[in-house]
Structure formats: C-alpha cells, structure tokens
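Beneath this line is the structure, given in structure tokens, with notes to follow.
The values are calculated or read from the model by the stated rules, or taken from the named source; none is laboratory data. None of the values given here were measured: they were computed from a predicted structure. Every residue, glycine among them, receives a Cβ derived from its backbone with ideal geometry; neighbour counts consider all protein chains shown. Note: accessible area is taken over every heavy atom of the protein model, side chains too, but ligands, DNA and RNA are not part of it. Shrake-Rupley method; radii C 1.70, N 1.55, O 1.52, S 1.80 Å.
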Amino acid sequence: MAANGSTDVPEISAEWYRDVVDAAAGSPEPVQWFVGHATEGVILLLGALLLMAALSRRPGGPHDRALALIAPLPTLLAYVGSEFLKTVVDEERPCRTIGRAIIASACPPPGDWSFPSNHATIAGGLAVTTLLLSRRLGLVALPLAALGAFSRVFVGVHYPHDVIAGVLLGALVAVLVTPLLARPVSEVLRRRANRPDRPTPKLAGRSGP
C-alpha cells in the first residue's frame with residue numbers, strides 16, 4: 001500500500017495511474033483535447049439521455065410517470081453519498097502526491113479529496129438510471145459513463161480505484177433507490193388518477209304530482 005494523506009492507496013492503483021497519465025502525456029494533442037473535454041461533456045450527454053428516457057415514460061401509466069418524476073433523484077443521492085465518503089476517507093489527489101505531468105489544467109485544491117470520484121459517481125448513477133428507464137438509451141449511456149470515468153484518470157486527477165468506486169456507488173444507488181422511490185410515487189399518481197376532479201352532484205328527487 002502506498003501512503004497518501006490520511007489513507008493508503010492500493011499500490012496497483014498507483015501503478016495504473018502512472019501508466020495511464022504517462023500514456024496521456026505522450027498521446028497526440030487531438031486525443032488529449034478530446035478526452036480532456038469528455039471529462040465534463042460526458043456528464044452533460046448523460047443528463048440529456050436521462051431526460052430523453054424520462055420523457056419517453058411520461059405518456060405511460062402511473063408507474064412510468066413516477067419513473068419520469070424521480071429520475072434525477074438517485075444520481076443526486078449518490079452524489080451526496082460520494083461527498084460524505086470523501087470527508088471520511090480523506091484521500092489526497094494523485095496529481096498532488098505523484099510526480100507526473102497531467103492533462104488537466106490544474107490539480108484540484110487541497111481539501112478536495114479524491115475518493116470516490118464525484119464525476120464517476122454521477123456518470124454511473126445517470127447511466128444506470130437511464131438503463132432502468134430505457135434499455136435502448138441505457139445501452140448508449142453505459143459506454144459513455146465508462147469513458148467519463150476513465151477520463152478522470154487520463155487527465156490526472158483521480159486514481160483508477162477512485163473512479164471504479166464512484167461508478168459502482170452511482171450504479172448501486174440507482175438500482176436500489178429507483179424502484180424504492182417509484183413505488184410510492186406511482187401509488188400517489190394512481191390514486192389521483194382514480195379520484196374524480198370534483199364530486200358528482202346528486203340529482204334532486206322529483207316531486208310527486
């Protein structure tokens with residue numbers, strides 16, 4: 001294990017980090033430009049895919065509409081969880097502890113901890129939630145999430161185990177939370193659909209001749 005701040009980094013992860021950032025530094029400029037922009041752009045693309053998947057469910061029944069309504073929440077909860085884990089683990093960024101050239105414009109400041117990767121957590125959450133809503137769009141989202149996670153190592157701001165943990169965290173929260181949230185919301189929508197908008201007025205009884 002390699003010492004790193006207040007925690008230890010798996011030596012194999014540190015070795016992979018060195019290999020990836022060295023390869024990144026020696027890669028052609030177009031590749032560096034593409035991956036450097038992909039690290040942020042992928043999140044936007046995944047958000048757009050999730051929106052498309054949610055909109056495709058809205059015309060359906062209560063369960064479909066519930067999935068559309070709660071679609072962003074699993075990723076939000078996963079992000080909160082990743083922020084909490086950062087404060088517990090306190091792992092320093094590799095660009096601060098390992099002497100290697102990085103593609104990122106700057107290393108995140110001290111106190112912006114490395115484990116797990118927020119970007120990878122968000123990517124994993126968005127991709128898996130999209131898959132749960134639409135298999136077709138989800139199959140596009142999954143490789144995009146993998147690219148987004150890998151890009152965080154490529155630009156030099158995360159260890160490989162940071163992004164692997166982030167993707168798994170986002171995916172796990174999406175798988176567990178999406179059905180848990182959708183069930184009560186769909187029940188509320190079902191009750192609203194079955195409830196008349198206004199009470200049916202009673203017909204006045206006819207008076208006899």
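Things to note:
- Here the Gaussian network model covers the chain, with springs between Cα atoms less than 10 Å apart; of Gly148, Gly166, Gly138, Gly138 fluctuates the most.
- Helix 11-25 and the longest principal axis of the Cα set of the chain meet at an angle near 80°.
- Charge dipole of the chain about the Cα centre (unit charges at C-beta), most positive-ward option of Leu172, Ala24, Ala48: Ala48
- Nearest-ten-degree value, helix 135-154 long axis tilted from longest Cα axis of the chain: 30 degrees
- Solvent-accessible surface of the chain, averaged per residue with a 1.4 angstrom probe and all protein chains in place: 56 square angstrom.
- Choice from Gly99, Gly41, Gly125 showing the highest fluctuation, given a GNM over the chain with Cα pairs closer than 10 Å: Gly99
- Residue with peak Gaussian network fluctuation, the chain [Cα springs, cutoff 10 Å], from Ser105, Ser186, Ser134: Ser105
- With every protein chain in place, the chain: carbon and sulfur % of accessible area (1.4 Å): 65 percent
- Here is how the number arises for the chain: DSSP H runs of 4 or more residues each give -39500 (n - 2.57), the sum is divided by the residue count, and the result at 222 nm is -23500 deg cm²/dmol.
- Charge sum, other residues only, whose C-beta stays under 13 Å from Glu92's C-beta, Lys/Arg counted +1 and Asp/Glu -1: -2
- Relative to the longest principal axis of the Cα atoms of the chain, helix 73-89 runs at roughly 40 degrees.
- Region 10-81 and region 144-173 have their alpha-carbon centroids 9 Å apart.
- Exposed loop sites here are trypsin sites (Lys or Arg not before Pro) assigned a DSSP state other than H, G, I, E or B and surrounded by at most 13 other beta carbons within 10 Å; excluding them, the longest clear run of the chain is 1-201.
- Projected onto its three principal axes, the C-alpha set of region 104-189 covers 48, 28, 19 Å, listed from the longest axis down.
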